Amino acid sequence: MKTKVKKTVLYGLLFMASKWTITALLYYSGFWSYWFLLLFPIADTIAATFAIIYLRNNFRKYFKKALKISYPEGFKEIIKKIESKQTLLLKEITYAAKSKNPLDKKMAFSAYFLSTIKVLEKEGESFETIKKLCIDIAKDYVKPKNKLHKWINTLQPKLINLPFAESYLKRYGRKTSTASHEDGFTADIFTDKDSTLGFGYGMDIKACGICTLFKNNQATNYTAIMCEVDKLTFSLAGYELIRMDTIANGASKCDFRFKKI
């Protein structure tokens, strides 16, 4: 958590420096208007909201909350076992922390899911019980934390067709198309209308780090749960996820296509 705080402070300083640099450039170029000052509170509010969301996105607390409800008696012991298992799994995904592929950032969250699954499985819980708990955790994790967070989520689909979006997505695509590790993700990004159901954004995942991690830990029957988490995550962000097949089901790729809700 300390690392998150340090990063948030750094991003805050960069935001302030950027804001005043842009202000200075506008002023000395002759484009400045004092009406721009009205935008400062809006920009500061949005930046503060992102900082709060970022700090609150300590996903462990959502697992602990759900597990405490489901296992009030043995909650602390179960958490201890999950944390122990997580420590071992993190050694398998050390590449993710420094990976230049942004999709690999999902691995820590997925490893904690896997740790929870393996511990509950060892405790004798059924597949359906574990699945329900995982979905409940995912719902609590991805749901908007406040009205502004909800508005930001619904804003994202609207940004896809803006002029700057295509160049950003192409840069993003260059990063995702390159594997930083043999066990990590690779994906192709599409921005043309014909390949994306008219939406302007789509993705084919060609190698799935989550599938590899689950396979290496004899948990392939649980991988599809993570696919359901994808649908839930995108729906709360204002997207309908349309997917024909997944690597978890034996396909050669996971095709992500979207429609605005």
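The values are calculated or read from the model by the stated rules, or taken from the named source; none is laboratory data. If you're wondering where the values come from, they're calculated on a predicted model, not measured in any experiment. Please note: Cβ atoms are built from the backbone with ideal geometry, for glycine as well, and neighbour counts cover all protein chains shown. Protein only, heavy atoms only, side chains kept; ligands, DNA and RNA dropped before computing areas. Shrake-Rupley method; radii C 1.70, N 1.55, O 1.52, S 1.80 Å.
For an R0 of 25 angstrom, estimate the FRET efficiency from the Cβ-Cβ distance between LYS193 and THR154 and round to the nearest 0.05.
Details: r = 22 Å, r/R0 = 0.86.
Step by step, r from the Cβ atoms, then E = 0.70.
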Express the carbon and sulfur contribution to the solvent-accessible surface of region 60-146 as a percent, rounded to the nearest whole number, probe 1.4 angstrom. 56 percent
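What Kirkwood hydrodynamic radius do you get for region 175-261 when you take the inverse of the mean 1/r over all pairs of distinct Cα atoms, in Å? Kindly include the intermediate steps, with their values, before the conclusion.
Details: mean 1/r = 0.0738 Å⁻¹.
When all Cα pairs of region 175-261 are included, the Kirkwood radius is 13.5 Å.
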To the nearest 10 Å², what's ARG171's accessible area with a 1.4 Å probe? 120 Å²
Going down the list LYS81/LYS105; LYS76/LYS106; LYS91/LYS215; LYS61/LYS91; LYS81/LYS122, which pairs span over 20 Å between their C-alpha atoms? LYS81/LYS105; LYS76/LYS106; LYS61/LYS91
Solvent accessible area, Å² - GLU77, 1.4 Å probe, full protein context: 90 Å²
Within the under-13-Å Cβ sphere about LEU88, not counting LEU88, Lys/Arg +1 and Asp/Glu -1 give a net charge of +2
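Please quote Rg/Rh for region 116-261 to two decimal places, taking the Kirkwood radius as Rh and restricting both calculations to Cα atoms.
Numbers: Rg = 16.7 Å, Rh = 16.7 Å.
That ratio equals 1.00.
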